[in-house]
Structures are given as structure tokens and as C-alpha cells.
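S.K.: Before I ask anything, here is the structure I am working with.
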Amino acid sequence: MNNHNAYVRLQTYYSWLINSEGITHVDDSYKQGIPLGHLAKITDIPISIVHQDFLCMFQWQSSMALASRKYDSPVFPIWHELIFDDDSEEYNAKNKSLHLEQLYDEIMNGSFPERFGELLLNGELDTIPIFLNTEASETTYNLSLSQNEAAALRLLEKNNPLLQKNMNEMKHVYSRLYDIKDNPMFTYQYNNLNEKLDLINDAISTGYRLRGHYKTSPGRHQTIDIKPLKISYDADENLYAVLSINHNRVMVNRLDRLETLEENPTVPPEQEQQDTSLLDIYPNVWGNCFSEKPEKVKVRFYNEAHVWEKVKKELANRTNGKLYEKDGCLYYEDIVYGINKFRSWIYGFGRSAIVLEPRSLREDIIRSLKERQAGS
């Protein structure tokens, strides 16, 4: 399988972790759940990657548990809870020496113990079956959807009023706090990323302001005071940022530069309405370049080497643009903020992409191509 896609790995884990005798028994070797060591073997995912993935999942579970306790309400439910099979011999043996029950209680109380992370990464927990409690009925089985399958489901939902009603009810029940596309790349270093994301999301939900120390350049810091409006993620660079508005401009603060962050208790939630319409251009912005001038682009893609499939997938969330087929080619037209980031994306298609507008971008790409050919 493709081990480089974090979402594919997560879907793979979920399809095995629901293993339960008499309900969804997908592996006869265990009555409930799958041990991490066995999971790595049957999925062909390196155990070191499995360790890191599950560390992130348990940390996230602890963060969600903390939010649930903080608000004392089901606003922050844990719909997919990782639990140990405490009836297994493996668990009971490890629990006696490692006090797993106590460590797990700390996780579910919203305080992730470093000791648990060490045991997980060192392989001490590889033999204990872990089960995914989805709180679903016994007749429910989770299936992962590809981009095309998800698009087909949305089309079917659009044309079927009854299905649309049911899907809307499901979205209401299973709505998530925020959607962040994860990425296996680690270009930037983050400290306490989950904690920061939770705090930012809480502030977005409640209207509170946040303050923190922000690194503007090596050795230089400044104190920032913001009212978060949106969490942004650049999948190309694995770069998280928080968006806010100040003096009628969209402000972008990168989380890798945000060294400390806390609620600002001296400033109550603002009552006045901010001009959130400034964020309406979000689908047009590349690389969080909100302050750059907009430019109209038009690109033609040839139907070769799965180019169309890749283009449609990567432009799925660029909802303000136009993507259409004409004369055997695929065309993309849009208003772009961040032309340099857009140029980098176009380079990834080589000769399969022809820039028609703007002329300056077309000439830059042609010149770059000639320079590379001359140097080869």
C-alpha cells in the first residue's frame, strides 16, 4: 500500500481496529482489536510509522477528552475511541508491570502522560490488542471512500432529496470541530501542536481572543493579540496557520513560529461583528498569500498520464474557480492570490500543462523550461 499518505494509513488502521468477535470479526487471531505489532505486519506499514501514528491518535484523543471535560457537555464527543482489550492476557500481563490502567485514565482525563508515549514508541505495547470503539450499531461497517467515490456520493445526494435529508442529519450528528488535512511530511517543527489547535478552535467557537509570543525572525519575538477566525493548512509544506482580521486585513500567523499561546482573560469576547467576508477569497488563495494582488489565470491540461484525475482532485476545494472540458482538453480558470505558489503547482505537471493567462506567468515558465533544457 502507499505508506506516504497519512489518510490512507488512518483508513487502513480503522478497517482493522473494529475487529470484534461476533460483530465485525475481520481477524480470527484476536477476539477484540488488533495489536500494533500484528497491525504493522498485515498492513506492511513499518512499525516505526505505526508507533508515530498511534502516538498522534492517542494525543488527539486526550485533547478531545480535555475539551469534553472543560465544557462538561457532549459538544466535544469522542466518536472514535481507542481502547485496550483489558480481557486479554497480553493486557493483564503488561498492566501489572506498566500500570496501563492508570496511564489510560490520565489520557481520558485530558492529561497525556509522557510515560505512555515512551512505552508506545519503544514497542512495549505492541502485543496488546487495541480496539476502535465507534459507538456504531452492530450492523455498521466503516468504509473509506476515494476522491471519485466521495464526489459520486455528493452527486447522488444532490439528486436524491431523501438521501440529502438523511445525509444532512448525519452531518449534524457527526459534525467535527474543524477539518484539517494531515500530511506525512514534517517540513516544519511544532511544539504542542494539538494543544494549540484545541485552544485556537475553542477561541473560534467562543469568540475569545488569544495572546502569545510570536517569532518574527531568528532571535526576535513580538507579542500578538488575535481573535482567531479560521485554522489554515498548507498541505504542500505541512504548514499550519491561524487566520484573524486586524485593521481590515487578513492576518496569517504560522503555528511553527507561535512559541506560546494562551487565552487573554483581560479582553472579553467582542460583541461587534468583524468583516469576515474578507475570508471569502480563501478558496482563491495559494500559500496563505492573502495580501498579494489577485491575478486571473487560465490553464489548459492535456489528457495524459492521469493528469486530469490529479488536477480534479487537487482543485476540488478551489470552489470559486471554473474547471471544464473543451476540445479534448481540461481548462482551469480562476482568480489567484499568490501567483508564485500557483507557479510551483503548475511546474508539477510539466509539459502536460499550458498556461494561457497571465502572459507574464506563461513567459516565466517558458524561460524556466529553456534554462533547464540548456543546463541538461
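The values are calculated or read from the model by the stated rules, or taken from the named source; none is laboratory data. Fair warning: this is a prediction, and the values are worked out from it, not measured in the lab. Here the Cβ positions follow ideal geometry from the backbone for every residue, glycine too, while neighbour counts run over all protein chains shown. These accessible areas exclude ligands, DNA and RNA; they are computed on the full protein's heavy atoms, side chains included. Shrake-Rupley method; radii C 1.70, N 1.55, O 1.52, S 1.80 Å.
S.K.: What does the charge count near residue 323 come to, summing +1 for each Lys or Arg and -1 for each Asp or Glu among other residues with Cβ under 12 Å from its Cβ? Walk me through the intermediate numbers first.
M.R.: Details: positive: 298, 300, 312, 313, 318, 322, 326; negative: 314, 325, 333, 334.
Local charge sum for residue 323: +3.
S.K.: Out of every Cα pair in the stretch 6-132, what percent are spaced more than 17 Å from each other?
M.R.: Values: 4582 of 8001 pairs.
Across the stretch 6-132, Cα pairs with separations above 17 Å total 57 percent.
S.K.: How large is ³J(HN,Hα) for each residue in the stretch 352-359, as worked out from phi by the Karplus curve 6.51 cos²θ - 1.76 cosθ + 1.60 (θ = phi - 60°), to whole Hz, x for Gly and Pro?
M.R.: Values, residue by residue: 6, 10, 10, 7, 9, 9, x, 5 Hz.
S.K.: If packing is taken as the mean number of other Cβ atoms within 10 Å per residue, what is the order of 232-238, 123-129, 219-225, highest first? Numbers along the way, then the final one.
M.R.: Numbers: 232-238: 16.6, 123-129: 19.1, 219-225: 11.3.
Ranking, from highest mean packing down: 123-129, 232-238, 219-225.
S.K.: Set the Förster distance to 22 Å, then compute FRET efficiency between residue 115 and residue 262 from the Cβ-Cβ distance, nearest 0.05.
M.R.: Working: r = 26 Å, r/R0 = 1.18.
With a Förster radius of 22 Å, E is 0.25.
S.K.: Whole-Hz Karplus ³J(HN,Hα) for the stretch 304-310, in order, using 6.51 cos²θ - 1.76 cosθ + 1.60 and θ = phi - 60°, x for Gly and Pro?
M.R.: 8, 6, 6, 4, 4, 4, 5
S.K.: Ranking request for peptides 248-257, 304-313, 9-18: highest mean number of other beta-carbon atoms within 10 Å first, then the rest in descending order. Please report the intermediate quantities before stating the final value.
M.R.: Details: 248-257: 16.8, 304-313: 13.9, 9-18: 19.0.
The peptides rank, most packed first, as 9-18, 248-257, 304-313.
S.K.: For residue 317 and residue 52, calculate 0.36 nm times their separation in residues minus their Cα-Cα distance, and state this gained length in nm to one decimal.
M.R.: Details: separation 265, 0.36 × 265 = 95.40 nm, distance 2.86 nm.
Gain on extension, residue 317 to residue 52, equals 92.5 nm.
S.K.: Hey, with R₀ at 56 Å, roughly what FRET efficiency would residue 106 and residue 327 work out to, going by the Cβ-Cβ distance, to 0.05?
M.R.: Numbers: r = 62 Å, r/R0 = 1.12.
E(calc), rounded to 0.05, equals 0.35.
S.K.: Then there is this: At a 1.4 Å probe radius, carbon and sulfur cover how many percent of the accessible area of the stretch 294-375?
M.R.: Working: 2330 of 4950 Å².
It is 47 percent, rounded to a whole number.
S.K.: Would you compute, for the Cα atoms of the stretch 249-374, the largest minus smallest coordinate along each principal axis and list the three values in descending order, in whole Å?
M.R.: For the stretch 249-374, the Cα extents along the three principal axes come out at 59, 34, 25 Å.
S.K.: For residue 221, what residues show an amide H to amide H distance below 5 Å, using hydrogens built from the backbone and excluding near sequence neighbours?
M.R.: 216
S.K.: Can you give me the long-range amide H partners of residue 260? Hydrogens built in the peptide plane at 1.01 Å from N, cutoff under 5 Å, separation of 5 or more residues or another chain.
M.R.: Amide H neighbours of residue 260, under 5 Å, 5+ apart: 213.
S.K.: Could you check how much of the accessible area of the stretch 193-275 is carbon and sulfur, as a whole percent, using a 1.4 Å probe? Please list the in-between numbers first.
M.R.: On the way: 1930 of 4340 Å².
Carbon with sulfur: 44 percent of the solvent-accessible area.
S.K.: Along Cα→Cβ, 7 Å out, is where each label goes; now give me the distance between the ones at residue 354 and residue 25 in nm to one decimal.
M.R.: Roughly 6.1 nm, to one decimal.
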